[in-house]
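Enquirer: I am attaching a structure below and will ask some questions about it afterwards.
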Amino acid sequence: MSNYFYCYSKKMYHFIAAFDIKYLNIGVNSNTKCRYYVFEKSKKLDKVIALYKQVKHSINLKIFKKVDME
């Protein structure tokens, strides 16, 4: 089992970074050419990811509602 979490979502990366968790490295997937961030796994990271999964749909909904209003 890997000790690293590979984050391919820019939104998730910013969410994780908001909790003052620093990435170890940035890479680019050779097939998709998408950027990813590598984090060391920890209990704090696990909790932040779980929280992200709980709130990600409500975050997206608020963003879309704001855009619709403009």
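Rule-based calculations on the coordinates, nothing more; no lab input. If you're wondering where the values come from, they're calculated on a predicted model, not measured in any experiment. Cβ atoms come from the backbone with ideal geometry, glycine included; neighbour counts cover every protein chain shown.
Enquirer: I'd like the trypsin sites (Lys or Arg not before Pro) in the range 7-57 restricted to DSSP loop residues with at most 10 other Cβ atoms within 10 Å, sorted by number. Kindly include the intermediate steps, with their values, before the conclusion.
Expert: Values: sites: Lys10, Lys11, Lys22, Lys33, Arg35, Lys41, Lys43, Lys44, Lys47, Lys53, Lys56; in loops: Lys22, Lys33, Lys41.
Filter output for the range 7-57: Lys22, Lys33.
Enquirer: Label points 7 Å out from Cα along the Cβ direction at Lys56 and Lys10: separation in nm?
Expert: Calculated label separation equals 1.6 nm.
Enquirer: Pull out a ≥ b ≥ c, the square roots of the eigenvalues of the alpha-carbon gyration tensor of the range 1-53, then state rounded if a/c is under 1.5, prolate if not and a/b is larger than b/c, and oblate in the remaining case. Walk me through the numbers on the way to the answer.
Expert: Details: a/c = 1.93, a/b = 1.49, b/c = 1.30.
The shape class here is prolate.
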